[in-house]
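Take a look at the structure below.
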Amino acid sequence: MPDGAAPVLDVKGLKTVFQTRSGKIHAVNDVSFDLRPGELLGVVGESGSGKSVTMMSLIGLLPSPPADVCAGQVLFGGRDLLKTDADALRGIRGKRIGFVFQDPMTSLNPVFNVGFQICEPLRKHMGLSKAAARNRAVELLELVGIPDARRRLDDYPHQFSGGMRQRVMIAIALACDPEVLIADEPTTALDVTIQAQILELVKDLREKLGMAIIWITHDLGVIAGIADRVIVMYAGQVVEQAPVQELFSNPQHPYTRSLLKTIPSVSGDRAPRLQVIEGQPPIQMKAPDACPFLPRCAHGFDRCAAENPARLAVGQGHDVACFWDPATGGPRHV
Ligand SMILES: Nc1ncnc2c1ncn2[C@@H]1O[C@H](COP(=O)(O)OP(=O)(O)OP(=O)(O)O)[C@@H](O)[C@H]1O
Ligand SMILES: [Mg+2]
């Protein structure tokens, strides 16, 4: 991936709030990142850090109300998706941007067979005839490694195992040959072996099809195996971004450093217990005016309570939103 290539997707200053009875929840707070042609961008962060809401905001998948994508730009194919009307956005979603979300609203429909669900976008977006769509559906199921593909078109989602259902969802996301695939990793449904198979599949597909991928996960260990670059999210913010090797060898944010300690040792002699980060991620009832990680941080000082740190470049493609400097163990000079 050439470093200077124009991004396929460029997200700037994205903010999303939810209007709830107890007040506004600031779920996405000034998130910026880009996605370059052919790269696999990993997005990592604990539950509730805003990974899914960020990605759903980009492509207009959040119901409004309660969601309000209230600031930012999402540049894709020469236009701002946040200013694109619903009809045009439907034309882009599922066609030029494929997605697999954890959310039941966007997953397989139990009342239609999978053949119908794969053929629908092919007929709608690509104008294929019924027979051509079925042939393409068979190809897609074969591509994602589903045996006996033609016969399985008539099966319903419940007749597939969890891992196979995930493959079907990827097949649907890939149906129209998208430029971007956004995949929100199912964290509970699949066991480790199946997850590893899905990751292999994604790596393989990227090589074959050359699209850019955003892969969302809780697990930095997963990221290590597949990503080119990583963004780390905490409390609806990007707290660190770096090329994958740089992130692992030179993590800067105390949150990233804690996440890295939670990865079991890869040498086989697994730590008997995973180290977990003490405390809970916050639910943001107001726009952050201090570092959101401060209550759980071992290195915080006065400034972290007075100001939310902006992202600061610390290396090639590496930036961090933190006032503490791991090199000196003291404040950063900014
Ligand atoms: N419909 C909603 N109404 C109110 N708050 C919401 C709604 N959906 C999400 N949120 C809030 O937005 C924040 C971010 O949620 P999000 O689902 O993006 O987290 P996530 O990083 O994807 O977590 P997970 O890893 O569990 O999928 C959370 O604080 C969540 O409570
Ligand atoms: Mg999520």
Practice prompt. Would you mind stating whether residue 290 is surrounded by 11 or more Cβ atoms within 10 Å (Cβ to Cβ), among the hydrophobic types (A, V, I, L, M, F, W, C) and in contact (Cβ under 8 Å) with a residue 24 or more places away in the chain?
Written response: no
Worksheet item: Only one of (1) surrounded by 16 or more Cβ atoms within 10 Å (Cβ to Cβ); (2) at pLDDT 95 or above; (3) closer than 19 Å to residue 33 by Cα is not met by residue 313, so which one is it?
Response: (1)
Item to complete: Of all residues in region 53-105, count the ones that are surrounded by fewer than 20 Cβ atoms within 10 Å (Cβ to Cβ), within 16 Å of ligand 2 (Cβ to nearest atom) and part of a helix (DSSP H, G or I).
Response: 2
Worksheet item: Got a sec? Which of 138, 144, 114 is of a type in the set (Val, Ile, Thr), within 23 Å of residue 182 (Cα to Cα) and at pLDDT below 95?
Response: 144
Worksheet entry | Selection count, region 309-333, where residues are in a loop (DSSP other than H, G, I, E, B), out of contact with any Cys (no Cβ under 6 Å at 6 or more places or on another chain), touching a residue at least 24 places away in the same chain (Cβ under 8 Å) and not small (Gly, Ala, Ser) | 4
Fill in: Qualifying positions in region 157-190 - surrounded by fewer than 16 Cβ atoms within 10 Å (Cβ to Cβ) and either in contact (Cβ under 8 Å) with a residue 60 or more places away in the chain or farther than 26 Å from residue 46 by Cα (or both)
158, 159, 161, 177, 187
Discussion item. I'm trying to understand the selection: among the residues of region 22-47, which are within 19 Å of residue 242 (Cα to Cα), assigned to a loop (DSSP other than H, G, I, E, B), more than 8 Å from ligand 1 (Cβ to nearest atom) and of a type outside the set (D, E, K, R)?
Written reply: 37, 38
Worksheet item: Assuming residue 11 fulfils every condition listed in (1) within 16 Å of ligand 2 (Cβ to nearest atom); (2) surrounded by 20 or more Cβ atoms within 10 Å (Cβ to Cβ) apart from one, which condition is it?
Response: (1)
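Considering every residue within region 260-280, establish whether at least one is modelled with pLDDT under 95, part of a helix (DSSP H, G or I) and within 20 Å of the chain's Cα centre (by Cα).
The answer is yes; a qualifying residue exists.
Name every residue in region 48-81 that is more than 13 Å from ligand 1 (Cβ to nearest atom), among the hydrophobic types (A, V, I, L, M, F, W, C) and in contact (Cβ under 8 Å) with a residue 24 or more places away in the chain, in order of residue number.
Residues satisfying the conditions are 59, 70, 71, 74, 75, 76.
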Practice prompt. Quick one: count up the residues across region 106-132 that are in a helix (DSSP H, G or I), within 17 Å of residue 164 (Cα to Cα) and of a type outside the set (A, V, I, L, M).
Written response: 4
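The values are calculated or read from the model by the stated rules, or taken from the named source; none is laboratory data. Everything quoted here is computed from the prediction, not taken from an experiment. Every residue, glycine as well, gets a Cβ built from its backbone with ideal geometry; the counts of neighbours run over all protein chains shown.
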